[in-house]
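Report on the following structure.
The values are calculated or read from the model by the stated rules, or taken from the named source; none is laboratory data. Keep in mind that what you see is a predicted model, and the values were worked out from it rather than measured. Heads up, the Cβs are rebuilt from the backbone with ideal geometry, glycines too, and the neighbour counts pull from every protein chain shown. The accessibility values were calculated without ligands, DNA or RNA, using every heavy atom of the protein model including side chains. Shrake-Rupley method; radii C 1.70, N 1.55, O 1.52, S 1.80 Å.
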Amino acid sequence: MDIVNLILQALWFILPAYFANSSPVIGYKLFGKYNYPIDFGKKLKDGKRILGDGKTWNGLAFGVVVAILVGWLQSLAQATYNLSGFLPMSFQLAFLLGFGALFGDLIKSFFKRRRGFERGKSWFPFDQIDFILGAFLFSLILVPFNWKYLIILLIITPAIHWATNFIGFKLKFKKEPY
Ligand code: CTP
Ligand code: MG
């Protein structure tokens, strides 16, 4: 199969998860100081936060809603245009992808805290792929496992992440190039 087509199909499938992963920071900023940490500020016996202040209920809810909206737009597009070969997106699948993505992100933060990384510190490659793994896992409730999509996404996601951050840095939206 044509590799470009396969990459486009994989991106179409994971799109709600990409949006879920990148939108919580907007939700976080919108709510200002009314952010509720998912771990309620609690620490474990190791003296470190369960998840940390970077994981909020606000961000989680916002991310899932954005994912569902994106999936809904995708399903409208597929009802209008004949996108043959592309997995049909649905409201339900978009919810699973969005929730799964942010759940994967929470699991990552749990282990990140245990390893002693402060909130926001880079933990390559887990910061980049946590949400892909979570989204895939939850999507299995509705769609069969597609190892081609998984391999492609695990390779191109860190690359896209790096490229967008670098552009953001060059445009002076970000202080660091990573
Ligand atoms: N965010 C949120 N709620 C979530 C996920 C993310 O409010 N469930 C917001 C937080 O403002 C967070 C930002 O989105 O700082 C970026 O998310 P992420 O990079 O996942 O969090 P980090 O701050 O890097 O925290 P960690 O070290 O735990 O990954
Ligand atoms: Mg981070």
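Per residue, how much accessible surface does the chain expose to a 1.4 Å probe? Answer in Å², no decimals.
61
Can you put Phe138, Phe19, Phe131 in order of accessible area, largest first, using a 1.4 Å probe?
Putting Phe138, Phe19, Phe131 in descending order of accessible area: Phe19, Phe138, Phe131.
Below 8 Å, C-alpha to C-alpha, sequence gap of six or more: please give me the relative contact order for the chain in percent.
Relative contact order for the chain comes out at 24 percent.
Work out Dmax and Rg for the chain from the C-alpha atoms and quote the Rg first, both in angstrom.
16.9, 55
HN-Hα J couplings of the range 116-122 from phi, Karplus 6.51/-1.76/1.60, θ = phi - 60°, integer Hz, Gly and Pro as x?
Using θ = phi - 60°, the values come out as x, 7, 5, 3, x, 5, 6 Hz.
Put Leu44, Leu97 in order of accessible area, largest first, 1.4 Å probe: what do you get?
Working: Leu44 65, Leu97 0 Å².
Largest accessible area first, the residues go Leu44, Leu97.
Using the Cα centre of the range 1-109 as the reference point, and only Cβ charges (+1 on K/R, -1 on D/E), how large is the resulting charge dipole? Debye, rounded to the nearest 20.
That gives the range 1-109 a dipole magnitude of about 620 debye.
Once you have the alpha carbon radius of gyration of the range 1-103, what is it after dividing by 2.2 N^0.38 Å, with N set to its residue count?
1.32
Remind me, relative contact order of the range 1-106 in percent, using alpha carbon pairs under 8 angstrom and six or more residues apart?
36
Please report, ordered by residue number, every helix of the chain (full DSSP H runs) that is 30 Å or longer along its axis going by C-alpha atoms and whose mean Kyte-Doolittle hydropathy reaches 0.5. Each step should come with its number before you reach the end.
Values: long enough: 57-80 (35 Å, 1.31); 91-114 (35 Å, 0.75); 147-170 (35 Å, 1.11).
Those that clear 30 Å and a mean of 0.5 are 57-80, 91-114, 147-170.
On the accessible surface of the chain, probed at 1.4 Å, how many percent belong to carbon and sulfur atoms?
71
Pairs of alpha-carbon atoms within less than 8 angstrom and 6+ residues apart define the contacts here; what relative contact order does the range 55-133 have, in percent?
Computed value for the range 55-133: 31 percent relative contact order.
Could you sort Phe40, Phe91 by their accessible area in this structure, using a 1.4 Å probe and putting the largest first?
Sorted by accessible area, descending: Phe40, Phe91.
Over the range 70-147, how many percent of alpha carbon pairs lie in each 10 Å bin up to the one with the longest distance?
Result returned by the calculation: 19, 38, 26, 14, 3.
By the gyration tensor of its Cα atoms, with a ≥ b ≥ c the square roots of the eigenvalues, what is the shape of the range 26-84: rounded for a/c under 1.5, prolate for a/b over b/c, or oblate?
It comes out prolate by the Cα gyration axes.
Among Lys108/Lys148; Lys29/Lys175; Lys43/Lys175, which pairs are too far apart, with a Cα-Cα distance over 21 Å?
Too far apart for the 21 Å limit: Lys108/Lys148; Lys43/Lys175.
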